[in-house]
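Below you'll find the structure, written out as structure tokens, and then a few comments.
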Amino acid sequence: MNVAILVAIAVVLILAIVVLARRSRPDAVSDFHRQINALSAESRRPVVDQVHKFEEQTDQPVEPDQPEDAERPDGS
Amino acid sequence: MARDLAIDLGTANTLVYMKGRGIVLNEPSVIALNRQTGEVLATGHEAWQMIGRTPGYIVAVRPLRGGAITDFEITERMIRLLLQRVGVSRFTRPKVVICVPSAITEVERRAVTDAARRAGAADANLIEQPMAAAIGADLPIDEPVGNMVIDIGGGTSETAVISLGGIVALEAVRVGSFDIDAAIQGYVRREHGIAVGERTAEEIKMAIGSADPTPGEQQAEVRGRDLMTGLPKTVVLNPDEVRYAIEDVVSAIVASVIRCLAKAPPELSQDFLTRGMYLVGGGGLLRGLAHRIERETHVPVKMSKVPLEAVVLGAGHVIEHYDALKGMFMGARR
Ligand SMILES: Nc1ncnc2c1ncn2[C@@H]1O[C@H](COP(=O)(O)OP(=O)(O)O)[C@@H](O)[C@H]1O
Ligand SMILES: [Mg+2]
């Protein structure tokens with residue numbers, strides 16, 4: 001009876017260790033695929049949408065880097 | 001509550017992308033200091049206005065101008081101020097991804113990440129500018145094809161070939177659009193005997209500078225200080241002479257693109273002929289530059305729609321997909 005419980009505990013422990021070891025070992029293949037997926041055209045779409053937003057915005061003159069004409073002569 | 005950040009720490013301009021929000025800050029990478037006490041007096045646009053116009057006790061500097069960190073302390077302060085301004089504190093602790101010139105040394109990288117951590121970042125990681133630029137320019141870098149980006153900034157020009165999410169070939173030089181300004185300054189001084197400031201030189205570049213003859217070229221009036229008399233003086237510059245003045249810099253940039261093409265594996269270099277190369281960065285906006293690179297390499301050149309924002313948008317994409325893309329951080333690979 002006691003032996004059966006001990007064996008069961010041992011089995012559970014071994015399983016837990018195996019699962020943890022699996023999880024902590026970096027799985028290169030799935031990491032690679034995750035990375036490639038995160039770079040795909042589909043996941044890049046929000047970036048592209050931002051670009052379009054920019055194009056619309058820059059139709060209006062928003063030119064922070066453009067100094068006024070009066071500043072032209074640089075006395076240095 | 002902290003939102004994670006992506007920062008394009010450019011030699012000329014600094015941009016910040018906030019996760020879930022987009023670009024929240026875009027300003028010149030300039031800091032103005034009190035020369036005696038070392039106190040920061042202004043940053044960004046305000047400090048940029050001061051370049052060449054400060055009294056003796058103020059100095060306005062671009063700490064990253066040469067694509068290298070020449071003054072660690074000032075750079076660190078700039079990063080800290082930047083993070084403070086977008087709401088980072090010891091309590092918010094966001095993750096931060098920073099794009100840096102790929103040519104910076106190990107010591108400089110450490111300085112940047114340490115500065116960000118000390119300013120309150122929970123984790124700070126770096127990615128190469130051309131990698132971020134490629135994502136921001138919407139190139140299919142997830143595919144096994146040769147994607148080529150040319151990023152011409154103020155102090156650096158970086159060309160990279162990217163395939164399957166990694167850099168295959170890279171060529172970075174510490175030559176960029178600031179050197180064009182300096183060449184114009186030198187030329188006007190030598191040939192016309194007048195001194196102009198670096199901001200005026202930049203205006204000349206944008207107004208009439210070009211890397212190749214382009215239609216509709218015009219002359220420009222330039223005002224500066226006569227070196228002989230010390231009085232203000234106006235001269236007229238024509239586009240040919242500006243082209244001549246900046247030729248050495250332009251050809252150095254084109255040569256680095258050619259060196260990168262030569263480093264690419266043959267399978268990928270076939271791809272460039274059909275797919276072209278993508279030009280990003282403010283320096284890439286120089287008139288005739290895309291045409292000039294095309295003429296010398298016989299590879300088509302396409303201009304990014306967002307040359308000034310591509311890098312920060314790409315880095316923003318990385319911060320949005322932090323866990324999946326952390327393998328792309330500098331130091332994580334190789
Ligand atoms: N229309 C233009 N023509 C030529 N040069 C330009 C133009 N617009 C911006 N630049 C130059 O681009 C540089 C800034 O580019 P940027 O990509 O922001 O640099 P960095 O990434 O190094 O901060 C500046 O030197 C600026 O003079
Ligand atoms: Mg840049």
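The values are calculated or read from the model by the stated rules, or taken from the named source; none is laboratory data. Only a predicted model underlies this, so the values are computations on that prediction, with no experimental measurement involved. Reconstructed Cβ throughout: ideal geometry from the backbone, glycine too, with neighbour counts over all protein chains shown. Side chains included, ligands, DNA and RNA excluded: accessible areas come from the protein's heavy atoms. Shrake-Rupley method; radii C 1.70, N 1.55, O 1.52, S 1.80 Å.
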Express the Stokes-Einstein translational diffusion coefficient of the range B:21-88 in µm² s⁻¹, to the nearest whole number, given a Kirkwood radius over alpha-carbon pairs, 4 °C and a viscosity of 1.567 mPa s.
104 µm²/s
Just report the Cα centroid separation between the range B:127-165 and the range B:34-104, whole Å.
26 Å
What accessible surface, in Å², does a 1.4 Å probe find on B:Thr105, ignoring ligands, DNA and RNA and rounding to the nearest 10?
70 Å²
Using only the alpha carbons of the range B:185-334, what is the convex hull's orientation-averaged projected area in square nanometres?
12.2 nm²
Tell me, Kirkwood radius of the protein assembly as shown from alpha-carbon pair distances, in Å?
23.0 Å
Based on the Cβ-Cβ distance from B:Arg190 to B:Glu217, what FRET efficiency comes out when R0 is 22 Å, to the nearest 0.05?
0.50
Using square roots of five times the C-alpha gyration tensor eigenvalues, list the equivalent-ellipsoid semi-axes of the range B:119-248 in whole Å, biggest first.
39, 18, 11
In Å, the Kirkwood hydrodynamic radius from C-alpha pairs for chain B sits at 20.7 Å
Note to self: C-alpha centroids of the range B:285-328 and the range B:1-32 sit apart, in Å, by 17 Å
Amide H neighbours of B:Arg287 at under 5 Å, excluding residues fewer than 5 places away on the same chain, with H built from the backbone geometry, are B:Ala211
If you count only protein heavy atoms and use a 1.4 Å probe, how large is the accessible surface of B:Asp142, to the nearest 10 Å²?
30 Å²
Quick query: amide H of B:Gly197 versus all other amide H atoms, modeled in the peptide plane; which residues come in under 5 Å with a sequence gap of 5 or more or a different chain?
A:Asp74, A:Ser76
What value, in deg cm²/dmol to 500, does the helix sum -39500 (n - 2.57) over DSSP H runs of n ≥ 4 give at 222 nm once divided by the residues of the protein assembly as shown?
-14000 deg cm²/dmol
Applied in sequence order to the range B:157-167, the curve 6.51 cos²θ - 1.76 cosθ + 1.60 (Karplus, θ = phi - 60°) yields integer Hz couplings, x standing for Gly and Pro, of 10, 10, 10, 9, 9, 10, 8, 6, x, x, 7
Residue-by-residue Karplus 3J(HN,Hα) for the range B:104-115, coefficients 6.51, -1.76, 1.60, Hz, glycine and proline x:
6, 7, 3, 5, 5, 4, 4, 4, 5, 5, 4, 4
Just the accessible area for B:Tyr322, please: 1.4 Å probe, Å², rounded to the nearest 10?
20 Å²
Whole-Hz Karplus ³J(HN,Hα) for the range B:123-132, in order, using 6.51 cos²θ - 1.76 cosθ + 1.60 and θ = phi - 60°, x for Gly and Pro?
8, 10, 10, 10, 10, 5, 4, x, 5, 4
Return the loop-located trypsin sites (Lys or Arg not before Pro) in the range B:59-111 (DSSP other than H, G, I, E, B) with at most 14 other Cβ atoms within 10 Å of their own Cβ; answer none if there are none.
B:Arg90
Taking placed amide H atoms and a strict 5 Å upper bound, the residues 5 or more places from B:Val100 or on another chain that come that close are B:Ile127, B:Gln129
Please report the equivalent ellipsoid semi-axes of the range B:177-238, computed as sqrt(5 x eigenvalue) of the Cα gyration tensor, largest first, in whole Å.
20, 13, 9
Over 29 Å between Cα atoms, which of B:Lys19/B:Lys205; B:Lys205/B:Lys302; B:Lys263/B:Lys326; A:Lys53/B:Lys263 qualify?
B:Lys19/B:Lys205; A:Lys53/B:Lys263
